[in-house]
1. At 20 angstrom or more along the helix axis (alpha-carbon based) and mean Kyte-Doolittle of -0.5 or higher, what helices does the chain contain? Whole DSSP H runs only.
2. Filter K38/K78; K55/K85; K26/K78 down to the pairs with a C-alpha to C-alpha distance above 19 Å, please.
3. In whole percent, and with a 1.4 Å probe on the protein chains, what portion of the accessible area of the chain is carbon and sulfur?
4. Under the definition of Cα pairs under 8 Å and six or more residues apart, what whole-number percent is the relative contact order of the chain?
5. Could you give the accessible area per residue of the stretch 12-97, probe 1.4 Å, as a whole number in Å²?
6. Which value results when the Cα radius of gyration for the chain is divided by 2.2 N^0.38 Å?
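The values are calculated or read from the model by the stated rules, or taken from the named source; none is laboratory data. Note that the structure is predicted; figures quoted are calculated from it, not measured. Just the protein is used for accessible areas: all its heavy atoms, side chains included, with ligands, DNA and RNA removed. Shrake-Rupley method; radii C 1.70, N 1.55, O 1.52, S 1.80 Å.
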Amino acid sequence: MESQTVEVNVEEKVQDFCALIDSVVKVIKKPRRTEIIKVIYNEGKPISFNEIQEKTQIPSGSLYNHLNKLFVTGIISKTDERPAKYFLTDFSMKLLELPKK
């Protein structure tokens, strides 16, 4: 059986990665979203919409939009249970636990 060589355009992959990082930064640099991330991180376990709202005092419509943006970007995820509970993704946890320089 002949093996095939798959060429990867490294420059294109790096550009895609940079675009992904730019989109994540745009999402998380909003003060309300940073506040939501802190609440979820400090909770240390999945947390419900109502608990996040109680801790942040963000109106429900606005909170839903912020959570959705964080979810779509891959910063947070949610459980399948009802009501759903939100938690930080492994990727987000790794970023938050990077040593400061």
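1. Answer set is 10-28.
2. K26/K78
3. The C+S portion of the solvent-accessible surface of the chain is 53 percent.
4. 25 percent
5. 67 Å²
6. 1.36
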